[in-house]
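Asker: Quick one: structure below, then a few questions.
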Ligand SMILES: [Zn+2]
C-alpha cells in the first residue's frame, strides 16, 4: 500500500473487521466505499478467529454475495506482511498468527493492520477524496490506550519496527505510574480513559471535594469538568497539557498539519478538544516556531458515529487486492 487514491476497483465486496477490547465490528463495503452490511458483537477474547470467521460468514449469507477479501484492524504490534499480531495486551494476545488462521477459515485474502493505522488510512482517503491530493494526516486514537496512525504524503507510516506512531508510550511524566508496557509515566497513563479514571479515583481517595463518584468513566470526568467541578477541571487540564505536547511533537516530527482525534475518549467532544485548541493558540502566540508549525493546522474530532477502524480495514483490503491485480502479485 503506497497511495490512498489508486483507481481501478471492479465492484466486488470487501469486509472490514475492527477488533476492539469490548466490541468487534464488521462492515462490508463496495467499490465506492458504501456500507452494505454492518454488525457488532461483544469481543470474544477466547475465540477471536472463530468469531471473526462467523461474522464474515454471516455477512456473506446476509448479502447473498461473495466477499473478495477481508481486512482486520486490531490493536497491538501487527506485522502486515504475515498478518501476525503480538503484544495486544488489552485483548490478552501475546502472539497470534491471525492472518494465516483466518485465511484457512475463510479462504480469501486477509490483510491485518494496526487499528489506528487502518483508521488513519480511511480518514486520509476521505480527505484525499475532497482535495484530490494525497493527504498527510495523523489519527490520534484515545481510548483504553493511545496511539497514532500516520499517513504521510499518502503512504501509511509503519517504520522498520512497525511501531511508528505509538505515541502513547512516549514518557509524559518520568515520576508517574508504571504503564502496562513496563515503562513509567507513559502518555497513556495520564491521558487515556483508564488513566483519566485513575486520577479521579486518586483525588476522591485523597478526600478532595468533587461531584465525581468512585470509579468514574473518562466521560464522567469530562462532564463534571464542563459543569465546573474543580477536581475534574484539574484532571482534564492536565490531559489537555499532555495531549497538546503530543500533538506538537507529532507535528514537529512528521510535518503533519491535520490531526484527527478519535477513540472512545473523543466522545467527550468539545470538553476534550477546546482545551487543546486553546493551548495551541497560546503556544502559537508565544512561539514563532509553533505558529509556523501549527498556526494553520486543523485539529478536529472524528464523529463518534463513524467506524474508522472497520472502514479502514475494508479500504485497505480493497486497495491491496486492486494493487495485486494490477501488479500481478500472487496471493498468499
Ligand atoms: Zn507505556
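Taken together, the values in this text are just the output of simple stated rules run on the coordinates, not laboratory data. Values in this document were obtained by computation on a predicted structure and should not be read as measured data. Cβ coordinates were reconstructed from backbone atoms using ideal geometry, including for glycine residues, and neighbour counts include every protein chain displayed.
Asker: Output yes when any residue across segment 223-232 is surrounded by 16 or more Cβ atoms within 10 Å (Cβ to Cβ) and in contact with a strand residue (DSSP E or B) (Cβ under 9 Å, 6 or more places away or on another chain), and no when none is.
Answerer: Looking for residues that are surrounded by 16 or more Cβ atoms within 10 Å (Cβ to Cβ) and in contact with a strand residue (DSSP E or B) (Cβ under 9 Å, 6 or more places away or on another chain), one finds none in segment 223-232, hence no.
Asker: Could you tell me whether residue 49 is closer than 25 Å to residue 141 by Cα, in contact with a helix residue (DSSP H, G or I) (Cβ under 9 Å, 6 or more places away or on another chain) and not in a strand (DSSP E or B)?
Answerer: It is true that residue 49 is closer than 25 Å to residue 141 by Cα, in contact with a helix residue (DSSP H, G or I) (Cβ under 9 Å, 6 or more places away or on another chain) and not in a strand (DSSP E or B).
Asker: Which residues, taken from segment 70-119, are over 27 Å from residue 180 (Cα atoms), outside any strand (DSSP E or B) and in contact (Cβ under 8 Å) with a residue 12 or more places away in the chain?
Answerer: Once the filter is applied, which keeps residues that are over 27 Å from residue 180 (Cα atoms), outside any strand (DSSP E or B) and in contact (Cβ under 8 Å) with a residue 12 or more places away in the chain, segment 70-119 yields 100, 101, 102, 103, 105, 106, 108, 109.
Asker: Out of 220, 201, report the one residue that is more than 19 Å from the chain's Cα centre (by Cα), assigned to a helix (DSSP H, G or I), more than 16 Å from the ligand (Cβ to nearest atom) and surrounded by fewer than 16 Cβ atoms within 10 Å (Cβ to Cβ).
Answerer: Answer to the check: 201.
Asker: Could you give every pair whose Cβ atoms fall below 8 Å, whose first residue belongs to segment 171-190 and is without any contact (Cβ under 8 Å) to a residue 24 or more places away in the chain, and whose second residue is within 8 Å of the ligand (Cβ to nearest atom) and part of a loop (DSSP other than H, G, I, E, B), counting only separations of at least 6 or pairs across chains?
Answerer: 171/183; 185/179; 186/179; 189/179
Asker: Let me ask you something else. Looking at this structure, is residue 137 in contact with a helix residue (DSSP H, G or I) (Cβ under 7 Å, 6 or more places away or on another chain) and away from the ligand (no atom under 16 Å from the Cβ)?
Answerer: So residue 137 fits the description; yes.
Conditions (1) out of contact with any strand residue (DSSP E or B) (no Cβ under 6 Å at 6 or more places or on another chain); (2) more than 22 Å from residue 261 (Cβ to Cβ), marked per residue:
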position: 95; (1), (2): no, yes
position: 99; (1), (2): no, yes
position: 103; (1), (2): no, yes
position: 155; (1), (2): yes, no
position: 158; (1), (2): yes, no
position: 161; (1), (2): yes, yes
position: 174; (1), (2): yes, yes
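Asker: Can I ask one more? Please enumerate the residues belonging to segment 155-198 that are loosely packed, with under 14 Cβ neighbours inside 10 Å and away from the ligand (no atom under 14 Å from the Cβ).
Answerer: 159, 160, 161, 175
Asker: Let me ask something additional. All but one of (1) within 16 Å of the ligand (Cβ to nearest atom); (2) within 18 Å of the chain's Cα centre (by Cα); (3) farther than 17 Å from residue 89 by Cα hold for residue 152; which doesn't?
Answerer: (1)
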